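Below is one structure; the comments refer to it alone.
We did not get these values from a lab; they are worked out from the coordinates using the rules stated. Note that the coordinates shown come from a computational prediction; the quantities given were computed from them, not determined experimentally. No Cβ is skipped: glycine too gets one built from the backbone with ideal geometry, and neighbour counts run over all protein chains shown.
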Amino acid sequence: MNTKAAVIDMGTNTFHLLVAEKRSDGTWKTLCRERRYVKLAENGIERIGAAPFERAVQTMRFFRETIDALGVPLSEVRTVGTAALRTAHNAGDLLDAMQQACGIRGEVIGGLREAELICKGVRQAVPWPAGRGLIMDIGGGSTEFIVADAEQVLWQHSFPLGASVLLNRFRPDDPITTLQIAEIVQFLSGELTSLWTALSAHPTHTLVGASGTFDVIDQFLLDPATKPENYGFVPVEVFHGLSQQFVHSTRAERLAMSGLPEERVDMIVPAMLLIDVVLQKAGIQHIYTSAYALKEGLMAELLS
């Protein structure tokens, strides 16, 4: 039995490659992590434009070369696509082109399956807090929420409210105006009604954040020399200070911020507003950040 496996996560903004090897005790160790900012929704999420189409194909060629160099058989490669590939009219054309280019056929998964894999990934990284927690994963095309306790998932949903979607919908000024902030907050408060209902039935004061925006929060607020390898803890009041800094800055000021990837300079504003709304509505008191998300959940399944 081959003990190596590879997972490719074709997200709306970023394509990720994770290659791992199963240990004798059933755990796994990372052999390779790669990411490429493909930005499938650069021209909107309804259709993948020519430039992101070509970036996606070239990225998959590169990932296939990496997988081959590490000796992973194609039978042990899983490739999943999320919000942009669920939505774009020409997603099938892109999947065909990527398969022709590299021999790997991607599978487009639904929002609930995405949430399930995110939860499996997060549970490997974060020591589960006492009682319930709210997992939140902000992507480019969608945001997944999972309410869970230590034993089971109590509620989960995928909303088509990713950072790219919000950016394209509202196209805020530079810097964003007070009126635009209010419009986004009002919109999110209405669109997330089913989340508020779920939290009323399963209240929690702990947020567990996964993926890109929460990686940025880690980068700015936590010392890598002292934080645990796969998770972090951020006091809510400290987060609010960082959120205000991002939201009220100009694009030029964000570009000058060390540690903020250029690809997130625009999306960080709507993403922070989305987190702010959730913190306020849910009465969150504690924030954990997870280094693991969908791809680690899928890897755990693949190597189990």
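Worth pointing out:
- Dipole moment magnitude, nearest 20 debye, the stretch 118-264 about Cα centre, only Lys, Arg, Asp, Glu C-beta charged: 180 debye
- Inter-site label distance for His89 and Arg169 at 7 Å from Cα along Cβ, in nm: 2.1 nm
- Residues of type lysines that Lys295 reaches as a straight line, Cα spacing below 19 Å, ignoring anything fewer than 8 places off in the same chain: Lys4, Lys22, Lys29, Lys39, Lys120
- Over the stretch 4-109, the fraction of Cα-Cα pairs per 10 Å bin, rounded to whole percents and listed from the shortest bin up, is 16, 49, 26, 8, 1.
- Residue-by-residue Karplus 3J(HN,Hα) for the stretch 153-158, coefficients 6.51, -1.76, 1.60, Hz, glycine and proline x: 7, 9, 6, 8, 7, 10
- Were the residues from Leu179 through Asp96 laid out at 0.36 nm apart, the gain over their Cα-Cα distance would be 25.5 nm.
- For Leu117, Leu17, order by how many other beta-carbon atoms lie within 10 Å, fewest first: Leu17, Leu117
- Spin-label zone in the stretch 158-186 - amide nitrogen under 17 Å from a point set 7 Å from the Cα of Thr193 along the C-beta vector: 158-161, 185-186
- Other-chain or far-sequence residues with amide H under 5 Å of Trp28's (modelled H): Arg23
- Peptides 143-150, 68-75 ordered by packing proxy, namely the average of other Cβ atoms within 10 Å per residue, highest first: 143-150, 68-75.
- Summing charges over neighbours of Leu303, with a neighbour being any other residue whose Cβ is under 14 Å away from its Cβ, gives +2 when K and R count +1 and D and E count -1.
- Proxy reagent accessibility, fewest Cβ within 10 Å first, across Ser194, Ser258: Ser258, Ser194
- Per-residue Karplus couplings for the stretch 139-149, computed as 6.51 cos²θ - 1.76 cosθ + 1.60 with θ equal to phi - 60°, are listed in order as x, x, x, 8, 10, 9, 10, 9, 9, 8, 10 Hz, Gly and Pro entered as x.
- Relative contact order for the stretch 112-295: 33 percent, from Cα pairs under 8 Å spaced at least 6 residues apart, divided by residue count.
- Taking label points 7 Å from Cα along the Cα-to-Cβ direction, Ala69 and Ala225 give a separation of 3.2 nm.
- Projecting the Cα atoms of Pro228, Met60, Ala5 onto the charge dipole of the chain, computed from C-beta unit charges around the Cα centre, puts Ala5 farthest toward the positive end.
- Aspartates and glutamates whose Cα lies under 18 Å from that of Lys227, excluding same-chain neighbours fewer than 8 positions away: Asp215, Asp218
- Modelled spin-label separation between Thr27 and Ser258, with each label point placed 7 Å from Cα along the Cα-to-Cβ direction: 3.3 nm.
- Förster-model FRET efficiency, 35 Å R0, Leu154 and Ala50, C-beta, rounded to 0.05: 0.20
- For the stretch 189-304, a simple Cβ point-charge model (Lys and Arg +1, Asp and Glu -1, everything else neutral) yields a dipole of about 200 debye relative to the Cα centre.
- Within the chain, DSSP assigns beta bridges of which about 65% are antiparallel (rounded to the nearest 5).
- Gyration tensor verdict on the stretch 125-257 (Cα atoms; rounded if a/c is under 1.5, prolate if a/b is larger than b/c, oblate otherwise): oblate
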